[in-house]
Amino acid sequence: MSSTEVVHLEVDSGIATVTLDSPHNRNALSAQLRGELQAHLIAAIDSDEVRTIVLTHTGTVFCAGMDLKESLGADAADQGVNDFPDTLRLIWTSPTPVIARLSGPARAGGVGLVSVCDLAIAEEEVTFAFSEVRIGVVPALISVPLVPQIQPSALHELFLTGERFDARRAAEIGLITKAVPAEHLDDEVRRYTEMLRLGAPGALAATKLLLRGPTARTMSDDLAAMTMVSAERFASEEAQEGIRAFTEKRKPSWVR
């Protein structure tokens, strides 16, 4: 494992900024990134000083999803998706509000990170895609927060096709809070952090529980079931071919 940190935590004036900083692999969810992200989120949530958490990134991509190079050749027990639910659950149940700030695209598990944040602000040109089926896997884990959140017809279309869509459509279907011009991104994130600062911490935490509703109560069981589905698919012969094709920049065998 690299000795260089790939996720950073900075706290200033009650705002914890958690930054994904692994641009060489498009901030993919490698084992190192997942571990550091989890640790920094816990530190921010446990801090009495922190009133709001902003999840952001360096480089041109917010998060490309799972690190496929680590998935290649691994069996179901060793797939990285097995510990990803802990991060999704941590953000989803955080008593401290979490805002996603995107100036670059999100794919697959990266969209999952966005979906469990309380608010998400993206530049208008940012794109999203549930690209799992195109490499032979399924969006199992991220379906847990997304199914109750996104318009059903849109989710059917986007899960099954893997088609890219922009931030304006993401806002229309309920994936993100707002799409803004690039020059307004930081101002809009700052506007939301200032509004959240006006809320009482205990009241915000209780309101989050209210808003999460039944999904919050069943999330652990749902994620456990979907983890098995996801890990088995990543280890499947079909997915391994899809991952190899992706890394070799060719079409998988099922595309004629």
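The values are calculated or read from the model by the stated rules, or taken from the named source; none is laboratory data. Remember, predicted model here, so these are calculated numbers, not experimental data. Heads up, the Cβs are rebuilt from the backbone with ideal geometry, glycines too, and the neighbour counts pull from every protein chain shown.
For this structure, a couple of remarks:
- Looking at Gly242, Gly199, just one residue is crowded, with 19+ Cβ neighbours inside 10 Å and among the small types (Gly, Ala, Ser), and that residue is Gly242.
- Within region 18-58, being in contact (Cβ under 8 Å) with a residue 40 or more places away in the chain, in a loop (DSSP other than H, G, I, E, B) and in contact with a strand residue (DSSP E or B) (Cβ under 8 Å, 6 or more places away or on another chain) holds for Asn27, Ala28, Val50, Arg51.
- Pro85 meets all of the listed conditions (1) under 16 Å from the mean Cα position of the chain (by Cα); (2) at pLDDT below 95; (3) surrounded by fewer than 17 Cβ atoms within 10 Å (Cβ to Cβ) but one, namely (3).
- Cβ-Cβ contacts under 7 Å between residues 6 or more apart (or on different chains), taken from a first residue in region 65-77 that is buried (at least 16 other Cβ atoms within 10 Å of the Cβ) to a second residue that is of a type in the set (Asp, Glu), are listed as Ala76/Glu232.
- For region 1-57, a tally of residues being crowded, with 19+ Cβ neighbours inside 10 Å and among the acidic types (Asp, Glu) returns 1.
- Only listed residue being surrounded by 14 or more Cβ atoms within 10 Å (Cβ to Cβ), in a helix (DSSP H, G or I), touching a helix residue (DSSP H, G or I) at 6+ places or on another chain (Cβ under 9 Å) and not small (Gly, Ala, Ser), chosen from Leu204, Leu209: Leu204
- Yes/no for Glu183 being over 28 Å from Val50 (Cα atoms), surrounded by fewer than 16 Cβ atoms within 10 Å (Cβ to Cβ) and modelled with pLDDT of 95 or more: no
- Test result for Ala179, among the aliphatic types (A, V, I, L, M) and either part of a loop (DSSP other than H, G, I, E, B) or closer than 15 Å to Glu124 by Cα (or both): yes
Residues checked against (1) of a type in the set (Phe, Trp, Tyr); (2) surrounded by fewer than 16 Cβ atoms within 10 Å (Cβ to Cβ); (3) at pLDDT 95 or above; (4) within 26 Å of Arg89 (Cβ to Cβ):
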site	(1), (2), (3), (4)
Ala120	no, no, yes, yes
Glu123	no, no, yes, no
Phe130	yes, no, yes, yes
Gln149	no, yes, no, yes
Ala154	no, no, yes, yes
Ile173	no, no, yes, yes
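- Listed by first and then second residue, the pairs linking a residue in region 197-221 that is closer than 16 Å to Val116 by Cβ to a residue that is modelled with pLDDT under 80 and surrounded by 14 or more Cβ atoms within 10 Å (Cβ to Cβ), with Cβ atoms under 7 Å apart and 6 or more places separating them unless they lie on different chains, are Leu209/Ala216.
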